[in-house]
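Novice: Attaching a single structure in structure tokens format; questions to follow.
The values are calculated or read from the model by the stated rules, or taken from the named source; none is laboratory data. Note that the structure is a prediction, hence the values are computed from the model and not measured. Quick reminder, even Gly has a Cβ in these numbers, built from the backbone with ideal geometry, and neighbours come from all protein chains shown.
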Amino acid sequence: MEFFQKNLQLLKTYSSMWYRITYLSSIIWFLSTAVAFAENPPAVAGGAPVKLINPLKIGSAEELLTTILGVVVILATPFIVFFIIYAGFLYVTARGNAEQVTKANRALTYAIIGGVIIIGSVAIATIVKNIVSTF
């Protein structure tokens, strides 16, 4: 932490933008070389290279996005149902009060819009996947 604070103070002392750009780009270059050297892991004592196993069993970005979208749909569905029930509860307890009925209308509208967005995202993802797979 102290290293970054000293470097931040050093960066603030430079008055010219050119020095700031040079300093930041040299730090980025230095850090990127460390990442590049980490690509090929050294062999273990037995001579076999280290192998990483994918715990997610997902082989492509398409599968990852589909899986994430599926999880979002599963998690969002109870919230949508809850807010529709909540809007119904607001309608019942409004008893003709115009302000409460407006609040209930707004809650039901937002719940339905949320549901349409979630279902629409699945539909759009399926359409895009089918279009891309035809090429």
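Novice: Hey, can you tell me all the residues within the range 114-135 that are among the β-branched types (Val, Ile, Thr) and exposed (fewer than 11 other Cβ atoms within 10 Å of the Cβ)?
Specialist: The answer is Ile127, Ile131, Val132, Thr134.
Novice: Is it fair to say Ala107 is under 21 Å from the mean Cα position of the chain (by Cα) and surrounded by 14 or more Cβ atoms within 10 Å (Cβ to Cβ)?
Specialist: Answer is no for this residue.
Novice: Checking Ile85 against (1) over 25 Å from Glu62 (Cβ atoms); (2) in a helix (DSSP H, G or I); (3) at pLDDT below 95, which test does it fail?
Specialist: The failed condition is (3).
Novice: Continuing with this model, one more query. What number goes with the only condition from (1) at pLDDT 85 or above; (2) exposed (fewer than 10 other Cβ atoms within 10 Å of the Cβ) that Val73 does not pass?
Specialist: Single failed check for Val73: (2).
Novice: In the set Ile84, Ile80, Ile118, Ile113, which member is within 19 Å of the chain's Cα centre (by Cα) and not hydroxyl-bearing (Ser, Thr, Tyr)?
Specialist: Among Ile84, Ile80, Ile118, Ile113, only Ile118 is within 19 Å of the chain's Cα centre (by Cα) and not hydroxyl-bearing (Ser, Thr, Tyr).
Novice: Next question, about the same structure. Does the range 107-124 contain at least one residue that is assigned to a helix (DSSP H, G or I), within 28 Å of Leu64 (Cβ to Cβ), out of contact with any Gly (no Cβ under 6 Å at 6 or more places or on another chain) and polar (S, T, N, Q)?
Specialist: Yes, because at least one residue in the range 107-124 is assigned to a helix (DSSP H, G or I), within 28 Å of Leu64 (Cβ to Cβ), out of contact with any Gly (no Cβ under 6 Å at 6 or more places or on another chain) and polar (S, T, N, Q).
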